[in-house]
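These notes are about the structure you will find just below.
The values are calculated or read from the model by the stated rules, or taken from the named source; none is laboratory data. All figures in this text were calculated on a predicted structure; none of them were measured in a lab. Cβ coordinates were reconstructed from backbone atoms using ideal geometry, including for glycine residues, and neighbour counts include every protein chain displayed. Just so you know, the surface numbers come from the protein's heavy atoms only, side chains and all, with ligands and any DNA or RNA stripped out. Shrake-Rupley method; radii C 1.70, N 1.55, O 1.52, S 1.80 Å.
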Amino acid sequence: MADEELEAIRRQRMAELQAKHGDSTSDQQGQQEAKQRETEMRNSILAQVLDQSARARLSNLALVKPDKAKAVENYLIQMARFGQLGGKITESGLIEILEKVSQQTEKKTTVKFNRRRVMDSDEEDDD
């Protein structure tokens, strides 16, 4: 009798775990599908906005500096949504946009020397 009850509890617990695990995988699948749809939408907008050489340059930039490429893509998509683009952007137009983005995100580096006065012997006279 105890074995049957124990077996029933095990089956119930196993069903709960499978249901819980199944829900998390469906959430993950939903997130992956949403991410894939967003990527496809971005690619389709960029394909409409950029010509072939500009698209190649942007993909090369994405390999080297993914954050800068993402910023340029977001900028282009925003311009396309608001209708600020007259036609397809050529490679030279993309270079101009890249220069603008570079100027906006340019990091100013400064070097400050903090010299320590270790060997300064004003107090000690070694005569």
(message) Rg and Dmax in Å for the chain, alpha carbons only: what are they?
(response) 30.0, 102
(message) Treating only the Cβ of Lys, Arg, Asp and Glu as charged (+1, +1, -1, -1), what charge dipole size does the stretch 62-112 show about its Cα centre? Round to the nearest 20 debye.
(response) 240
(request) Name the residues whose placed amide hydrogens come within less than 5 Å of the amide hydrogen of Ile89, ignoring near sequence neighbours (fewer than 5 apart) on the same chain. (result) Leu50, Asp51
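Residues of the chain: accessible area per residue at 1.4 Å, in Å²?
That works out to 88 Å² for each residue.
Counting only protein heavy atoms and a 1.4 Å probe, tell me what percentage of the chain's accessible area is made up of carbon and sulfur.
48
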(request) Just tell me which lysines come within less than 27 Å, Cα to Cα, of Lys65; anything on the same chain fewer than 8 places away is out. (result) Lys35, Lys88, Lys100, Lys107, Lys108
(message) Give me the extension gain from Arg117 to Val101: residue separation times 0.36 nm, minus the current Cα-Cα distance, reported in nm with one decimal.
(response) 1.5 nm
(message) Using only DSSP helix segments of four residues or longer, with each worth -39500 (n - 2.57), what per-residue ellipticity at 222 nm results for the chain after dividing by its residue count and rounding to 500?
(response) -25000 deg cm²/dmol
(message) Let me see the P(r) profile for the stretch 50-98: every Cα-Cα distance counted, bins of 5 Å, each bin given as a percent of all pairs.
(response) 5, 23, 33, 27, 10, 2
